[in-house]
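First up is the structure itself, then whatever we jot down about it.
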């Protein structure tokens with residue numbers, strides 16, 4: 001990094017905003033098609049009703065809540081990188097934080113769609129917000145679902161705030177380089193930023209405080225999402241391990257998504273000198289660490305189900321692992337793999353076994369091996385959420401209340417659409433805004449000095 | 001009435017020379033501003049580690065958020081009572097979530113607004129050159145450091161001499 005100059009940083013990063021190649025438009029068209037399929041699926045559900053989804057008694061939460069938890073989890077890595085690693089001064093952070101922070105904003109926006117889609121009558125979703133109304137009815141603040149409303153909306157607002165504040169100095173750099181209508185737009189977006197040190201002083205102080213506020217927020221949000229489940233009495237959900245288990249899983253899946261996005265960008269934009277092997281390896285180490293936590297949580301759930309002696313817990317975890325026992329033949333096809341079983345084995349393979357090669361240095365520094373493992377983790381973490389959400393509802397306390405669930409084509413279309421929504425937004429962002437943080441990358445470089453010894457004269461922070 | 005700029009500005013390539021000029025100007029009691037492509041501790045120290053009132057803004061609005069979180073939930077729970085078995089109507093542990101979330105929300109948003117507004121206020125208080133030459137100079141967001149000195153014409157020679165002694169690339173007077 002020491003051979004890179006400040007001017008190189010501007011040149012390398014802003015070059016990515018020049019006219020893209022036709023492949024970019026093809027890619028965006030692909031994402032937009034997926035988004036269109038999703039929008040069409042939502043329209044069908046709104047028109048026909050919730051009957052087009054597979055959600056029915058007793059499985060009231062299906063793929064929509066799975067997607068909600070999945071996308072919220074994806075968002076967590078962005079805040080972890082931008083806030084937590086900022087406070088801990090991780091030196092590899094600046095090269096990936098902008099892409100990760102953008103990913104957070106778009107992932108939380110995607111997640112935010114699912115409670116709305118899930119409630120069915122989207123036009124009444126505002127009932128979730130406490131607002132003064134004619135009958136002076138208020139929402140139930142003791143319900144974990146309302147905790148979610150506040151946690152997710154706060155998380156989205158703070159993520160956007162953090163993202164926008166970080167962008168301002170870079171927008172000023174863009175403004176200074178742009179011409180015509182672009183210059184006009186970037187001038188407005190840069191809100192008077194002129195690189196004066198008074199501004200930098202407020203900025204650095206404020207950014208530190210935003211990081212300090214966002215750090216507990218990131219841990220609280222997924223804890224609160226986990227309490228949607230843990231506060232209920234359903235076997236498989238009613239467990240105290242859920243908050244740390246969900247947070248570790250969120251960081252795990254989010255970092256895998258960062259790698260999924262950053263590795264192709266690194267190759268396309270030629271950012272090898274910024275997103276170095278060290279950066280990739282550091283992320284791989286955090287993924288490996290969180291994979292161990294997630295694996296421990298899986299094992300702990302099974303152990304506690306057995307050790308507690310609770311027949312309902314034991315029954316549910318037997319069902320997750322082995323499917324229908326012979327004694328329960330009337331409730332399913334004994335011997336056939338059940339959907340929760342398939343989800344369970346995919347989850348264990350992708351989240352616990354697939355990351356094991358990351359113990360090896362050669363794998364951690366091989367970007368395409370990392371990319372492949374990251375994709376597997378993304379798949380595995382989706383199935384983890386599916387397994388948690390659906391299998392518990394399939395087998396609660398009363399056999400008369402048992403059921404099965406398969407996602408319908410509309411639910412699959414909406415799920416595909418969520419990926420389309422996320423990747424379309426990200427692709428447009430990568431085209432319009434700098435995906436590497438110019439000012440922060442410069443902060444990590446050695447500044448130009450006449451006397452290389454002079455830094456000591458002024459001391460270090 | 002709009003304040004006008006009177007003084008001079010110079011651009012520097014090296015951070016150590018910029019820091020030396022700033023230290024000299026500060027010791028001399030001059031009214032100056034510094035421009036930089038990124039924050040650097042060398043420049044902050046040279047300026048005498050100036051403080052920002054941002055933490056007070058965060059503290060006040062974060063505190064308001066906590067108060068509002070508990071107040072909204074407690075008042076609405078008493079206004080429309082939803083009894084759930086023997087659970088308390090005003091449940092402090094459950095309402096702590098709203099106290100926390102609104103603390104982060106109001107604290108975070110006010111911090112962001114504070115960064116932008118204080119920057120704009122300082123821009124007015126610490127006036128920068130208004131010439132086309134200064135406005136079209138785009139390297140302060142790229143790879144150059146700048147020092148702007150607000151002074152009388154009679155002081156200009158001394159300031160220019162100081163800047164030149166630290167290898168200023170160009171000096172522009174605006175009187």
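Taken together, the values in this text are just the output of simple stated rules run on the coordinates, not laboratory data. Not measured: the values here are computed from a predicted model. Cβ atoms come from the backbone with ideal geometry, glycine included; neighbour counts cover every protein chain shown.
Just a few scattered comments:
- By the Cα gyration tensor, chain A has an equivalent ellipsoid whose semi-axes, rounded to whole angstrom, run 42, 25, 21 from largest to smallest.
- Calculated FRET value between residue B:6 and residue B:160, using beta carbons and R₀ = 22 Å, to 0.05: 0.90
- 0 to 90° range, to nearest 10: angle between helix A:22-48 axis and chain A longest Cα axis: 40 degrees
- Chain lengthening between residue A:443 and residue A:188 when straightened (0.36 nm per residue, less Cα-Cα): 89.3 nm
- Global dimensions of the range B:54-119 from alpha-carbon coordinates: Rg and Dmax equal 15.0, 53 Å.
- Tilt relative to chain A, helix A:242-269 - C-alpha long axis, 0 to 90 degrees, to 10: 50 degrees
- Scaling against 2.2 N^0.38 Å puts the C-alpha radius of gyration of the range A:1-53 at 2.10.
- Residues A:381, A:231 arranged by fewest to most Cβ contacts within 10 Å: A:231, A:381
- Mean per-residue shielding of peptide A:67-79 is 0, counting Cβ atoms of other chains within 10 Å of each Cβ.
- The fraction of Cα-Cα pairs per 5 angstrom bin, counted from 0 for the range A:4-150, comes to 2, 7, 11, 14, 15, 14, 12, 9, 7, 5, 3, 1, 0 percent, rounded to whole percents.
- Cα gyration tensor category, rounded, prolate or oblate, for the range A:26-73 with a/c compared to 1.5: oblate
- The range B:32-166 - Debye-derived log10 I(q)/I(0), Cα point model, q = 0.11, 0.13, 0.18 Å⁻¹: -0.63, -0.75, -1.10
- For chain B, the relative contact order is 50 percent, taking Cα pairs closer than 8 Å that sit 6 or more residues apart in sequence and dividing their mean separation by the residue count.
- Estimated [θ] at 222 nm from DSSP helical runs (n ≥ 4, -39500 (n - 2.57)) normalised by residues in chain B, nearest 500: -17500 deg cm²/dmol
- With all pairs of different C-alpha atoms in the average, the Kirkwood value for the hydrodynamic radius of the range A:109-149 is 11.3 Å.
- Rounded to 10°, Cα long-axis angle of helix B:54-79 versus longest principal axis of chain B: 20 degrees
- Averaged over peptide A:436-445, the number of partner chain Cβ atoms lying within 10 Å of each residue's Cβ comes to 3.
- Relative contact order of the range A:6-445: 32 percent, from C-alpha pairs under 8 Å at least 6 residues apart in sequence.
- Residue exposure sequence - A:127, A:193, A:237 - by fewest surrounding Cβ within 10 Å: A:127, A:237, A:193
- Whole-Å semi-axes of the range A:71-181's equivalent ellipsoid (Cα gyration tensor): 34, 18, 13
- Geometric descriptor of the range A:154-258, per residue, is 129 Å³ (volume of the convex hull of the Cα atoms).
- Burial ordering of B:45, A:118, A:278, fewest other beta-carbon atoms within 10 Å first: A:278, B:45, A:118
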